[in-house]
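The values are calculated or read from the model by the stated rules, or taken from the named source; none is laboratory data. Treat the numbers as computed from the prediction; the structure is a model and nothing was measured. Here the Cβ positions follow ideal geometry from the backbone for every residue, glycine too, while neighbour counts run over all protein chains shown. Heavy atoms of the whole protein, side chains included, go into the accessibility calculation; ligands, DNA and RNA do not. Shrake-Rupley method; radii C 1.70, N 1.55, O 1.52, S 1.80 Å.
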Amino acid sequence: MVLRWIVLFVCVCAAVRGIPRHSVRKFPEGFLFGTATASYQIEGAWNADGKSENIWDRMTHTRPDHIKDSSNGDIADNSYYLYKRDVQMMRELGLDFYRFSVSWTRILPSSFPDRINEAGVNYYNNLIDELLKYNIQPMLTLYHWDLPQKLQDMGGWTNPEIVTWFADYARVIYTLFGDRVKYFITINEPYQICNSGYGIDSLAPALNSKGIGEYMCAKNLLLAHAKAYRIYDEEFRSTQKGNIFISFSAQWYEPASDSVADLEAAHDANQFNWAQYTWPIYSETGDFPPEMRKRIAAKSAEQGFPRSRLPEFTHEEIEFLRGTSDFFGLNHYSSYYIHRNGSIPVHEVPSYADDLGVGSYSLPEWQLGASNITKYVPWGFRKLLNRIKDDYKNPPVFITENGVATHGGIMDDDRVQYYREYLGALLDALDDGCDVRGYTAWSLMDNFEWTSGYTESFGLYEVNFDSIYRTRSPRKSAYVYKEVLRSRQLDHHYEPDLTRPITIDPGH
Ligand code: BGC
């Protein structure tokens with residue numbers, strides 16, 4: 001009886017305040033929240049204390065025209081010196097974990113483990129210790145795109161030796177930091193590394209080796225990841241007791257119509273764009289997806305190649321790859337409509353685009369914020385999570401990136417809307433039975449947004465890049481995210497009081 005009165009009272013209060021009951025939804029017990037950054041995007045100190053050159057240093061210094069505002073990451077957010085302020089912001093938000101990446105050339109200036117750079121090690125030790133002091137779990141990405149230039153000069157990810165180079169580097173990282181780091185991510189976004197870095201003229205090293213380079217990269221990268229996973233599993237896990245996984249960039253590709261051709265095209269787009277990297281690890285059969293192997297083999301034969309441009313894995317390699325991830329790390333930003341389209345310009349053949357043979361478009365109302373690569377389609381996120389559940393027997397998923405860019409400014413209602421609706425879609429996916437364990441907002445603060453330079457702002461905190469202090473200020477979205485973390489629920493109607501400073505709650 002008393003309970004009924006309490007429920008009635010709560011409902012009346014909610015109605016009086018105009019809050020529909022269903023607008024407040026709880027996250028499950030143990031669900032983790034964090035934010036993410038990456039070394040090249042925030043650290044700066046590009047040549048300080050013994051760090052050597054990586055492929056982003058080289059590209060921004062030699063091809064500034066390739067970056068929208070001709071900028072670079074030489075100073076970026078200056079986090080190499082300002083990491084304590086970064087951790088203070090994480091405490092303000094009340095984070096469970098912080099995802100950051102290690103710069104390979106800061107730890108191993110020669111690229112190899114012949115000499116470990118003490119200053120670089122100190123920097124990451126200080127950061128990790130500062131996080132742990134406040135109960136924030138470090139989540140360390142070993143590779144977020146900043147390959148040593150010296151390794152690139154020897155072919156980078158197209159050289160099969162990279163499997164050994166990366167394994168050596170991984171062993172150094174586990175040895176140095178694994179006593180305190182319990183979440184390791186081997187590699188961030190294979191698709192961007194291989195397809196945007198080797199297949200087209202976009203991300204560093206911008207090789208533009210169409211239809212060849214991206215596939216060589218994909219094979220070596222997957223094997224390098226698997227080797228790093230197995231080293232952790234066999235040599236470190238029993239003492240360090242951590243988790244290790246890989247993060248994929250996966251967008252959702254929806255058929256543009258119910259026609260058989262479009263259904264098949266959308267299926268292929270999902271299989272090529274992200275399952276290319278996830279199928280070998282999580283599927284029953286392993287290997288590259290069958291649709292991909294078939295299409296590329298047929299195209300290659302038509303084009304007069306003696307064998308498929310998609311390299312083969314041996315039986316041993318297929319088995320070596322399968323099962324090498326404790327979670328499915330998912331970076332998600334957008335969705336597209338897909339239709340079949342075979343007409344790729346002759347000078348673009350052979351290419352990945354031609355191999356896939358689809359056209360894509362998005363709707364004008366999906367454009368939210370400043371970036372062309374992010375689209376506001378929360379239902380696509382839910383569909384993608386369900387597809388992962390169905391294709392791979394419901395693996396535990398960690399959302400390792402999700403977010404949207406604005407043109408700057410503290411009142412970022414666009415970002416608030418994006419986060420609310422994507423978190424809502426995530427809750428829907430949990431209701432559907434998807435096993436999602438955590439969520440990471442990209443990004444803690446504005447930073448060097450690759451070829452877009454500083455023209456796109458992804459941060460919960462705004463950074464003043466005109467100031468030598470790189471002052472950080474919380475946006476409205478920081479207040480809203482903080483409230484989600486504090487209450488462990490999603491309240492679509494919560495309005496923060498921005499006249500009050502964001503403060504650190506007791507216990508953080
Ligand atoms: C990358 C981040 C990047 C973000 C926004 C992801 O693909 O991992 O480094 O800043 O997208 O574009």
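A compact table of results
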{"quantity": "Cα-based reach from LYS227 at 16 Å (exclusive), listing aspartates and glutamates while leaving out same-chain residues under 8 positions away", "calculated": "GLU161, ASP168, GLU235, ASP287, GLU316, GLU317, GLU319, ASP326"}
{"quantity": "Formal net charge of residues neighbouring TRP442 (Cβ-Cβ distance under 13 Å; K, R +1; D, E -1)", "calculated": "-3"}
{"quantity": "Backbone HN-Hα couplings from phi across segment 467-481 [Karplus 6.51/-1.76/1.60, Hz, Gly and Pro as x]", "calculated": "9, 5, 7, 6, 4, 10, 10, x, 8, 4, 4, 5, 5, 5, 5"}
{"quantity": "Convex hull per residue volume in Å³, alpha carbons only, for the chain", "calculated": "167 Å³"}
{"quantity": "For the chain, share of DSSP beta bridges that run antiparallel, in % to the nearest 5", "calculated": "25 percent"}
{"quantity": "Mean Cα-pair separation over length for the chain, i.e. relative contact order, pairs under 8 Å, 6 or more apart, %", "calculated": "17 percent"}
{"quantity": "Low-density loop cleavage sites - trypsin sites (Lys or Arg not before Pro) in segment 211-319, where at most 11 other Cβ are within 10 Å (DSSP)", "calculated": "LYS241, ARG307"}
{"quantity": "Cα-based convex hull, segment 194-351, per residue volume (Å³, whole number)", "calculated": "135 Å³"}
{"quantity": "Local net charge near ASP466, Cβ-Cβ under 14 Å (Lys/Arg +1, Asp/Glu -1)", "calculated": "-2"}
{"quantity": "Accessible area, probe 1.4 Å, largest first, for residues HIS492, HIS144", "calculated": "HIS492, HIS144"}
{"quantity": "Accessible carbon and sulfur surface of the chain relative to its total accessible area, %, 1.4 Å", "calculated": "53 percent"}
{"quantity": "Longest exposed-site-free window of the chain, the sites being GluC sites (Glu not before Pro) in a DSSP loop that have at most 10 other C-beta atoms within 10 Å", "calculated": "30-283"}
{"quantity": "Dipole magnitude of the chain about its Cα centre (Cβ charges: Lys, Arg +1; Asp, Glu -1), debye to nearest 20", "calculated": "1080 debye"}
{"quantity": "Paramagnetic reach from TYR81 (point 7 Å along Cα→Cβ, amide N under 17 Å) across segment 19-63", "calculated": "42-51"}
{"quantity": "Residue-averaged [θ]222 nm for the chain, counting only DSSP H segments that reach four residues, each worth -39500 (n - 2.57)", "calculated": "-11500 deg cm²/dmol"}
{"quantity": "Linear extension gain, LEU498 paired with ASN122, 0.36 nm per residue minus alpha-carbon span", "calculated": "131.7 nm"}
{"quantity": "Length released on extending from LYS133 to ARG437, taking residue separation times 0.36 nm less the Cα-Cα span", "calculated": "107.1 nm"}
{"quantity": "Gyration tensor (alpha-carbon) shape descriptor, segment 145-252, a/c threshold 1.5", "calculated": "prolate"}
{"quantity": "Candidate residues ASP390, ASP326: accessible-area rank, largest first, probe 1.4 Å", "calculated": "ASP390, ASP326"}
{"quantity": "The chain, accessible area per residue, ligands and nucleic acids excluded (1.4 Å, Å²)", "calculated": "39 Å²"}
{"quantity": "Rough spin-label spacing in nm, given labels placed 7 Å along Cα→Cβ, for ASP69 and HIS347", "calculated": "3.2 nm"}
{"quantity": "Nearest-10 value in Å² for the accessible area of TRP366, using the 1.4 Å probe", "calculated": "20 Å²"}
{"quantity": "Rg and Dmax [Cα atoms of segment 65-215; Å; Rg one decimal, Dmax integer]", "calculated": "16.6, 48"}
{"quantity": "Per principal axis, descending, Cα span of segment 346-413 in whole Å", "calculated": "45, 39, 20"}
